[in-house]
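To keep things clear, I will list the structure first and then write my remarks on it.
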Amino acid sequence: MDRRYPTTTKSRSAAAPAGLLRRQQSSGSNSFFDEPNAQQQQQQPRGSPSRIYDPKKNQYTKQRAPAIKSSSPAVDRIDRIAGSLFNFLTASKFNILGLITLVMTIGNVYGRFQLGRDPEESETFVAMRRFRLGGNHAMQLPSDWDTWTLSDFKHEFLCHHHFNKETYSMYTWDQWNTLRKTFNEAVDPTFNFNTDPVPPTKGYSFQVTGNAPPFYADQTARGAPGLFASRRITKGELVFDGTHSDVTFPDAHAFRKFMFALPKKDIACDVTKFIWSQRLKEDGPMHIMAAFNIATYVNDAYEAEKEVNVLPREENSLKLYATTDIEKGDEILTHFEHYDADWDEVGLGH
């Protein structure tokens, strides 16, 4: 019989190796499962495996004694730092978070170093906020950001997903204010939106008098936002006048700065619907225009498959007049093709 493998539990002491019996007798231990005494533990060489008795598991487990410390304080300090960093990165709750934090920190430091080497880009960067995707993840500006077309913004920001939503929430005062504040920060700090007492959720004043225009914003049967008459509007009546409220972007560079300064890509997608190009003077340059109030919700009659009821009397005018009587609750519609829009001419075409 092979004495290394006892056949029954009762015969463990008799069948145990002779060396183990001698250790038990010398230590006064009467059981194979008794915990080794301190003298036995001290005899284990430092850094070698040792068998430690675990009373909870009722068994012996292997444990390696601590390694001998270095005589150099610098080496010990580096070892402690490396150990702490390793423990942090490999902890069950922080391994992924710690790795992501480390990578983002290194990228942030490198990005700021690169910006410091280019004063022009750094100035642009400071004038804007960080380029954000969905407001969730900060990124540096793309290297070709100043060449993006209007189609590039729609494609890169996945605007088709945003516009394919079944319902559309009307902008709140805070959202309109975000557009206005960003315009002041990135484009024109002198444009004063605060002179008009009418909030953007109600429209604007024709002559900054505090009287809201005769329309309100609501969702159309098509699921898109639209404008509806708040009272009966007679033919020839002034319905829109953006002379004091519409904003003008000086060039495509300023528009791109504005778009990348916005906090969320969904807002930037909305802006692609809020803007148009127009000449303000006959034979004058083409401008990028925008309205940061509910007036921008006016829809095209062709898309709505209805009749036009408001149009400008002059091609370069920001005023729209009723072309027919409009009853209370009727949707207000214009014709976008009336304007000589040309995105190539303003630098946003491809």
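The values are calculated or read from the model by the stated rules, or taken from the named source; none is laboratory data. All values derive from a computational prediction rather than experimental measurement. As a convention, Cβ positions derive from the backbone with ideal geometry for all residues, glycine included, and neighbour counts pool all protein chains shown. We work out accessible area using only protein heavy atoms, side chains counted, and drop any ligands, DNA or RNA first. Shrake-Rupley method; radii C 1.70, N 1.55, O 1.52, S 1.80 Å.
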Lone qualifier among Leu227, Leu179 - being open to solvent by less than 20 Å² (accessible area, probe 1.4 Å), in a strand (DSSP E or B) and not basic (Lys, Arg) = Leu227
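Here's the yes/no breakdown for (1) open to solvent by 20 Å² or more (accessible area, probe 1.4 Å); (2) within 29 Å of Trp173 (Cβ to Cβ):
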residue	(1), (2)
Lys257	yes, yes
Phe260	no, yes
Asp283	yes, no
His287	yes, yes
Ala291	no, yes
Asn309	no, yes
Glu315	yes, no
Leu320	no, yes
Thr334	no, yes
ask   = Name the pairs whose Cβ atoms lie under 8 Å apart, with the first residue in the range 186-199 and open to solvent by 30 Å² or more (accessible area, probe 1.4 Å), the second part of a loop (DSSP other than H, G, I, E, B) and of a type in the set (Lys, Arg), and 6 or more positions between them or separate chains?
value = none
query = For the range 305-332, what are the residues that are of a type in the set (A, V, I, L, M, F, W, C) and either at pLDDT 95 or above or closer than 20 Å to Ala291 by Cα (or both)?
reply = Val310, Leu311, Leu318, Leu320, Ala322, Ile326, Ile332
key: Where a residue in the range 235-246 is under 16 Å from Lys328 (Cα atoms) and open to solvent by 40 Å² or more (accessible area, probe 1.4 Å) and its partner, wherever it lies, is part of a loop (DSSP other than H, G, I, E, B) and among the acidic types (Asp, Glu), with Cβ under 6 Å and at least six apart   = Lys235/Asp325
query = If only one of His350, His287, His335 is at pLDDT below 95 and closer than 21 Å to Asn184 by Cα, which one is it?
reply = His287
message = Being small (Gly, Ala, Ser), closer than 19 Å to Val298 by Cβ and at pLDDT 95 or above is the requirement here; does Ser205 meet it?
response = no
Condition met for Ala221 (farther than 17 Å from Val187 by Cα, outside any helix (DSSP H, G or I), of a type in the set (Gly, Ala, Ser) and open to solvent by 60 Å² or more (accessible area, probe 1.4 Å)) = yes
Sole exception among (1) within 28 Å of Val310 (Cβ to Cβ); (2) touching a Lys or Arg at 6+ places or on another chain (Cβ under 9 Å); (3) in a loop (DSSP other than H, G, I, E, B) for Phe240, by number = (3)
